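> What follows is a structure written as structure tokens; I'll ask about it next.
The values are calculated or read from the model by the stated rules, or taken from the named source; none is laboratory data. Bear in mind the structure is a predicted one, so any value in this text is a computation, not a measurement. No Cβ is skipped: glycine too gets one built from the backbone with ideal geometry, and neighbour counts run over all protein chains shown.
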Amino acid sequence: MLEIDNLHAGYGGSSVLKGVSLQLRQGEFVAVVGPNGAGKTTLFKTISGTVAARSGRIRFNGTDLAAIPAARRPHLGIAHVPEGRQLFPSLTVMENLEMGASTEAGRRDWARNLAQVLEWFPILAERRNQLAGTLSGGQQQMVAVGRGLASSPSLLMLDEPSMGLAPAVAEFIFDRLTEIHRQAGMTILLVEQRVAEALESADRGYVLEAGRIVLEGTHEALRSDDRVRQAYLGM
Ligand code: ATP
């Protein structure tokens, strides 16, 4: 579904991604883990188009994304749930969810998607008329995930959904992502600093360090890799 080949990207004079290659098949749940500043967010922004690739190629379902502007990419089925949620704080939960349904598929499937999101995150049904800015961090993350799902994506990309959340709340979010993957067959690409939880949820993972993929493998292989255990799992 997603094929990234030798991708380079950066900002001004600095180069952040230095030849990243990554593949994602339909129905997979893949995690990209790595330290602060490794380029995880930049990788996502390059996929969703807000940062331009300097060289290399990104193909989505066979389409080369180079020619597709960022605003068109959600219509191809790419949903990006950004770092820090980026909700509209003075709009209600429902209004934020509706914002996600701006694609043709999202409008067509709105009723079904909304019912599904409220089933996965029942608290949002109770809070549907509350302003998003007044929700807890975990609830805001649920809205951000729901808004992504409201576009009827074929690929759901999540940038650090656990950021700033208490461990139990983060665990709930990871649990829901596993459920969304399992129940809806959603293809998920997840960026996380909580490596243990991310590798537990995902089928496969990549380790990104200083703009390069240094390791990849199934979640079992990565969780038992000595480098991963020492650098990321504190063992
Ligand atoms: P984090 O978890 O801290 O977000 P990350 O792995 O997602 O880390 P990026 O956010 O992609 O890393 O940042 C990679 C590098 O690019 C960092 O050195 C960062 O300072 C730099 N960077 C990010 N955004 C910009 C920008 N808009 N302009 C200039 N440099 C940037």
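> Write out, first by first residue and then by second, each pair whose Cβ atoms fall under 8 Å of each other, whose residues are 6+ apart or on separate chains, and whose first residue, in the stretch 96-125, is of a type in the set (Val, Ile, Thr) while the second is buried (at least 17 other Cβ atoms within 10 Å of the Cβ) and in a loop (DSSP other than H, G, I, E, B).
So the pair list comes out as THR103/SER151; THR103/SER152; VAL117/ALA150.
> Right, ILE213: part of a helix (DSSP H, G or I), under 25 Å from LEU2 (Cβ atoms) and not aromatic (Phe, Trp, Tyr) or not?
Answer is no for this residue.
> Moving on. Please give the number of the condition GLY62 fails out of (1) over 15 Å from the mean Cα position of the chain (by Cα); (2) within 16 Å of the ligand (Cβ to nearest atom).
(2)
> Kindly provide the set of residues from the stretch 161-172 that are in contact with a Lys or Arg (Cβ under 8 Å, 6 or more places away or on another chain) and not in a helix (DSSP H, G or I), ordered by number.
Result: SER162, single match.
> In the stretch 15-38, how many residues are more than 15 Å from the chain's Cα centre (by Cα) and within 16 Å of the ligand (Cβ to nearest atom)?
Count: 10.
> Identify the residue in the stretch 179-194 that is more than 16 Å from the ligand (Cβ to nearest atom) and either acidic (Asp, Glu) or at pLDDT 95 or above (or both) and, among all such residues, is surrounded by the most Cβ atoms within 10 Å (Cβ to Cβ).
Taking the candidates together, the pick is ILE188.
> Quickly run through the stretch 180-210 and pick out the residues that are over 22 Å from GLU3 (Cβ atoms), part of a loop (DSSP other than H, G, I, E, B) and small (Gly, Ala, Ser).
Of everything in the stretch 180-210, just one residue is over 22 Å from GLU3 (Cβ atoms), part of a loop (DSSP other than H, G, I, E, B) and small (Gly, Ala, Ser), namely ALA210.
> Let me ask something additional. If we scan the stretch 62-78, do we find a residue that is within 25 Å of GLN140 (Cβ to Cβ) and among the charged types (D, E, K, R)?
Within the stretch 62-78, one or more residues are within 25 Å of GLN140 (Cβ to Cβ) and among the charged types (D, E, K, R).
> Moving on. Is it the case that the stretch 140-149 has a residue that's small (Gly, Ala, Ser), modelled with pLDDT of 95 or more, outside any helix (DSSP H, G or I) and crowded, with 21+ Cβ neighbours inside 10 Å?
No.
Okay, residues lined up against (1) of a type outside the set (S, T, N, Q); (2) more than 25 Å from LEU22 (Cα to Cα); (3) within 16 Å of the ligand (Cβ to nearest atom); (4) without any contact (Cβ under 8 Å) to a residue 12 or more places away in the chain:
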position	(1), (2), (3), (4)
PRO153	yes, no, no, no
LEU156	yes, no, no, no
ASP159	yes, no, yes, no
ALA170	yes, yes, yes, no
GLY217	yes, no, no, no
LEU222	yes, no, no, no
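> Now, a different point. Looking only at the stretch 19-70, which residues are basic (Lys, Arg) and surrounded by fewer than 17 Cβ atoms within 10 Å (Cβ to Cβ)?
ARG25, ARG54, ARG57, ARG59
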